[in-house]
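Structure record follows, encoded as structure tokens.
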Amino acid sequence: PSLCLGITRSQETKVIEETRDKMISSCVPTMLLRSSSCRSGSSITHRLWRAAATSSFSTSSEESQAAPPSGPLLDKISVIGAGMMASAMVEPMIKSQAQPASQFCVYDVSDTAMEKMQSNYGVQTSQTIAECLDQTNLVILAVKPQNLTPAFFEQFQASTPADDAMLLSVIAGTPLSKLQQSGFARIVRSMPNTPATIGQGMTVWSCTPNLTTDERALARQVLNSFGKTMYVDDEAFIDMSTSISGSGPAYIFMLCEAMIDAGVHMGFPRDQATTLVYHTMLGSTLYAMETKEHPAILRNRVTSPSGTTASALYELENGKFRTVIKDAMWACYRRSLEMGNNDPNVGPYRNHYQAPGNDPHNSNKPN
């Protein structure tokens with residue numbers, strides 16, 4: 001489905017592999033140490049541990065790697081919204097010492113949400129947006145799309161941020177043109193995901209063309225503080241990436257949940273079923289990355305004629321497993337377009353087809 005969305009195979013592979021790498025590097029040691037079902041003498045256990053310990057699956061790149069910060073990123077970072085995504089961005093920056101907690105200022109319409117962030121991270125809070133944005137260098141906008149009303153943006157226009165201040169949005173489906181109503185000239189639009197909470201996020205981002213090289217580097221450094229990043233010139237790719245890396249963790253968690261529940265139904269205790277599922281997913285990912293084989297080849301190696309795996313795959317194919325996954329990704333992408341008040345008629349059986357480099361909503365290319 002990524003190819004149909006207009007994302008090239010290399011871009012798709014990069015997003016998937018970088019997300020896997022981060023999950024592997026952060027989770028393998030802990031999972032292997034905690035798993036009571038893996039014996040310390042197991043050759044498989046040793047191989048997984050060695051791979052994680054030596055970072056043999058790292059995909060370091062100039063785009064996604066930043067030098068350790070020598071001091072605070074900025075004098076002041078303002079965060080509008082105190083929900084899950086705001087916390088996912090703030091916490092890694094504080095823990096990595098990229099930005100002191102005292103140099104964050106948070107505003108939310110909910111006093112409870114603000115107090116929770118203040119209690120958890122030690123950040124400053126404000127009672128108004130104008131106060132929060134006073135002399136700020138960077139604004140992280142992390143509210144719901146429906147909150148972006150004219151009255152909301154009027155509070156931005158009445159504020160006094162620093163002359164070189166940037167606005168960084170993590171709001172799904174909200175284009176740069178909409179964000180310009182804030183009155184900010186320098187704007188970054190991004191789509192992170194929830195693994196950013198543990199510093200393992202995958203973020204796709206774009207920006208207004210007036211950002212200088214140094215300003216883009218700063219935006220990249222902020223986004224790198226909680227995971228991997230991928231910059232795209234065309235912000236249409238951000239809506240597409242929402243269906244892969246943005247919402248992708250939910251697909252994975254649902255698959256895990258279904259497999260664990262099936263294991264419990266068969267008779268395994270839930271903790272053992274959970275260990276089996278997590279390690280199966282982890283080991284399969286490591287195996288695929290190490291062999292560099294196409295997934296279809298690896299799947300065939302597991303599938304013996306008239307065997308157990310063949311029977312399971314038969315049911316998955318009959319249930320249109322592939323089609324359901326693809327349709328889910330297209331549905332996610334279309335909803336992202338709808339949230340930005342764009343035409344969602346893209347993809348299979350729709351009126352328009354989106355190709356990279358073209359207007360995403362006015363192409364007459366047939367499906």
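Suppose the filter is in contact with a helix residue (DSSP H, G or I) (Cβ under 8 Å, 6 or more places away or on another chain), closer than 22 Å to G201 by Cα, open to solvent by less than 70 Å² (accessible area, probe 1.4 Å) and in a helix (DSSP H, G or I); does S87 pass it? In short, yes. In the set (1) in contact (Cβ under 8 Å) with a residue 60 or more places away in the chain; (2) within 28 Å of N345 (Cα to Cα), the condition left unmet by P195 is number (2). The single residue among N341, N364 that is at negative phi, modelled with pLDDT under 95, open to solvent by 90 Å² or more (accessible area, probe 1.4 Å) and not acidic (D, E) turns out to be N364.
Within the range 171-190, the set of residues being assigned to a loop (DSSP other than H, G, I, E, B) and either in contact (Cβ under 8 Å) with a residue 40 or more places away in the chain or buried (at least 21 other Cβ atoms within 10 Å of the Cβ) (or both) comprises I171, A172, G173, T174, P175, F184. Just one of the listed residues (T54, T128, T45) is modelled with pLDDT under 95 and touching a strand residue (DSSP E or B) at 6+ places or on another chain (Cβ under 8 Å), and it is T128. Summed over the range 313-326, the residues that are in contact (Cβ under 8 Å) with a residue 60 or more places away in the chain and either surrounded by fewer than 16 Cβ atoms within 10 Å (Cβ to Cβ) or of a type in the set (D, E) (or both) give a count of 1. Determine whether A217 is within 21 Å of A98 (Cβ to Cβ), of a type in the set (A, V, I, L, M) and open to solvent by 20 Å² or more (accessible area, probe 1.4 Å). Yes. Might you check whether a residue that is without any contact (Cβ under 8 Å) to a residue 40 or more places away in the chain and hydroxyl-bearing (S, T, Y) occurs anywhere in the range 80-103? Checking the range 80-103: at least one residue is without any contact (Cβ under 8 Å) to a residue 40 or more places away in the chain and hydroxyl-bearing (S, T, Y).
Close Cβ contacts (under 9 Å, 6 or more residues apart or on different chains) running from residues in the range 252-271 that are among the aliphatic types (A, V, I, L, M) to residues that are outside any helix (DSSP H, G or I) comprise I260/F268. Restricting attention to the range 267-312 and to residues that are outside any helix (DSSP H, G or I) and surrounded by 12 or more Cβ atoms within 10 Å (Cβ to Cβ), the residue that is nearest to the chain's Cα centre (by Cα) turns out to be E293. Inspect the range 322-331 for any residue being more than 22 Å from the chain's Cα centre (by Cα), under 30 Å from S190 (Cα atoms) and acidic (D, E) and give the result as yes or no. So far as the range 322-331 goes, no, none of its residues is more than 22 Å from the chain's Cα centre (by Cα), under 30 Å from S190 (Cα atoms) and acidic (D, E).
The values are calculated or read from the model by the stated rules, or taken from the named source; none is laboratory data. Note that this is a predicted model, so its numbers are computed, not measured. Backbone-built Cβ (ideal geometry, glycine too); neighbour counts: all protein chains shown. Accessible surface is based on the protein model in full, side chains and every heavy atom, while ligands, DNA and RNA are left aside. Shrake-Rupley method; radii C 1.70, N 1.55, O 1.52, S 1.80 Å.
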